[in-house]
Amino acid sequence: MRFRRTAVVLAVSASLLAPATAEAAPSGGAPPGWVTLTESSLEGVHGTAPDVTIRNVLTVTAAGTALRVRLSNPFGATAMTVRSVWAGRQPSTNSPALAPGSNHRATFGFRHTVTIPPGASVWTDPLPLPVRRGDHVAVSVYAPGAPVDDHTFPPPATDTPGSFTSAGPGDAGADESGSAYGPFAPGVLWWTDAISAVSPARGTIVALGDSITDGYNAFGGGPRWTDVLAERMETLPPWRRLSVANAGISGNTVSVQPNPYDPTGQCCGPPAPVRLDRDVLSLPGVRYVLLLEGTNDLGGGDNAPPAPAAQVIDAMRTIAGRVHAAGHRIVGATILPMCNAAGSAKEQARLAVDAWIRTSGTFDAVLDFDAVLRDPADPTVIRADWRTDCYHPNAAGDRILGDSIDLKVFAR
């Protein structure tokens, strides 16, 4: 424990001396001791920011100090100039008010403003803001005229990411009372895509997936399955705990193909292999990747036909190879039932992919989510009391998934 504490102190000192830079190489992004406490993968660019401040709210999944925030401009055709960023703790998700004295103005290489080129990301300098698992961190960003790189999805009811917008114009980041802001917009985030800190957690699990990971339609008053996993991590001894970063995007595909739902691709993010570096491998402290994706490929839509099993398998194999090459472990989860008739081409493709996930040896471990949620009387569907629709578990189903994960999978 003494060695660990020393490493953490050195990591903080090194970062305080480092200038703000664009996103780091996939193999790292921070000195030892840093982990990613939360993530919200950006999915597209939608217009230009008005003269307002956006107070983004994310829930962290582990304790930490020397907190840093990552802002990204992955899809903007022009540079974005960030004029001001503040970060503080939010006692209640129902209010934009912050805990008195917790709000701190961020710097980038000791500067208050930063310009982020198209396709780039920047981290703030460390902030004197300690957090515990479950704390809500409010990141207030003032970047009028910037391209709006966002994350937007119909969210679950509990601990959902979201934002408040100031009445404008001007910079309202310093307002701890929350009086400058309007109502909460659940599931809407601009520019803020990750928070990291120096943490006693030994690393980060990044859940790479689609709407089932993102939390779409997880109705019923409970958290997403990734949040359940984070809750359970808190029950472990401190030296075994891991943070959980949610890299789910609704509508996303695991293979490189046109998006089934949106010909512009703006709703659903780049395919998983395209976004793997930015959304997974560049994050600090990555130790495991948990892959649950393929439903949208196999299901197809108006803009793309159903993908064959071989296409999905090849994409998963490629992702696993890149994760291993980066020095991380990868856990594969089987694809959930999709209401396709027994014997149909879609159901046969799903069963083929799941059989490959279970038996190929490509993954370091397998979570059989299909077996957990399928209806014993009709294995082509999720059990009725655990689903919202054909593709998505409800909050009860998410709780079952999160509780079903054997934590020993993450013991190495």
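If you take the alpha carbon radius of gyration of the range 201-410 and divide it by 2.2 N^0.38 Å, what ratio comes out, to two decimals?
In units of the globular-protein estimate, the range 201-410 measures up at 0.95.
Roughly how many nanometres apart are two label points built 7 Å out from the Cα toward the Cβ at Ala77 and Thr264?
Using points 7 Å along Cα→Cβ, the separation is 1.2 nm.
Hey, what did the range 316-379 get for relative contact order, percent, Cα under 8 Å, at least 6 apart? Numbers along the way, then the final one.
Working: 58 pairs, mean separation 26.7, N = 64.
This gives 42 percent for the range 316-379.
Nearest 0.05, what FRET efficiency do Ala371 and His46 give at R0 = 51 Å with Cβ-Cβ as r? Show your work: numbers first, answer last.
On the way: r = 39 Å, r/R0 = 0.76.
FRET efficiency, Ala371 to His46: 0.85.
Given the Cα-Cα distance of Thr65 and Thr113 and 0.36 nm per residue of separation, how much length would full extension add, in nm?
15.0 nm
Short version: ³J(HN,Hα) in whole Hz for each residue of the range 306-315, in order, from phi by Karplus 6.51 cos²θ - 1.76 cosθ + 1.60 (θ = phi - 60°), x for Gly and Pro, what are they?
Per-residue couplings from phi come out as x, 7, x, 4, 4, 5, 5, 4, 4, 5 Hz.
How much length, in nm to one decimal, is gained on full extension between Arg317 and Ala384, taken as 0.36 nm per residue of separation minus their Cα-Cα distance? All intermediate terms of the calculation are to be shown ahead of the outcome.
Values: separation 67, 0.36 × 67 = 24.12 nm, distance 3.21 nm.
In short, 20.9 nm is gained.
Please compute the length gained on full extension between Thr235 and Val274, using 0.36 nm multiplied by the number of residues separating them and subtracting their Cα-Cα distance. Don't skip to the answer; put the middle values down first.
Numbers: separation 39, 0.36 × 39 = 14.04 nm, distance 3.48 nm.
Going from the current span to full extension adds 10.6 nm.
How much net charge surrounds His112 when only other residues with a Cβ under 12 Å from its Cβ are counted (Lys, Arg +1; Asp, Glu -1)?
On the way: positive: Arg83, Arg105, Arg111; negative: Asp125, Asp171.
With Lys, Arg at +1 and Asp, Glu at -1, the neighbours total +1.
Using Cα springs under 10 Å in a Gaussian network model of the chain, which residue among Ala174, Ala310, Ala245 shows the largest mean-square fluctuation?
Highest fluctuation of the listed residues: Ala310.
Highest GNM mean-square fluctuation, the chain, Cα pairs closer than 10 Å: which of Ser360, Ser166, Ser95?
Of Ser360, Ser166, Ser95, the most mobile in the Gaussian network model is Ser360.
For Ala345 paired with Ala167, estimate the spin-label separation in nm (one decimal), with each label point 7 Å from Cα along the Cα-to-Cβ line.
Label at Ala345, label at Ala167, 5.8 nm between them.
Rank Ile313, Ile205, Ile330 by mean-square fluctuation in a GNM of the chain with C-alpha springs under 10 angstrom and give only the top-ranked residue.
Of the options given, Ile313 has the highest mean-square fluctuation.
Using the Kirkwood radius over Cα pairs, work out the Stokes-Einstein diffusion coefficient for the range 42-195 at 37 °C and 0.692 mPa s, in µm²/s as a whole number.
217
If all Cα-Cα distances of the chain are sorted into 10 Å bins from 0 onward, what percent lands in each bin, rounded to whole numbers?
5, 24, 34, 25, 11, 2, 0
For the chain, what proportion of DSSP beta bridges, expressed in % and rounded to the nearest 5, is antiparallel? Provide the component values of the computation, followed by the final result.
Numbers: 53 of 72 bridges.
Of all bridge pairs located within the chain, approximately 75 percent are antiparallel.
Of all DSSP beta bridges in the range 146-278, what percent run antiparallel (nearest 5)?
That works out to approximately 50 percent antiparallel.
Output the antiparallel fraction of DSSP beta bridges having both residues in the range 42-195, as a percent to the nearest 5.
Taking every DSSP beta bridge with both residues in the range 42-195, the antiparallel ones total about 100 percent.
Every number here is computed from the coordinates shown, using simple stated rules; none is lab data. Because the structure is a prediction, the values reported are computed rather than measured. Using ideal geometry, Cβ is built from the backbone for each residue, glycine included, and neighbour counts are taken over all protein chains shown.
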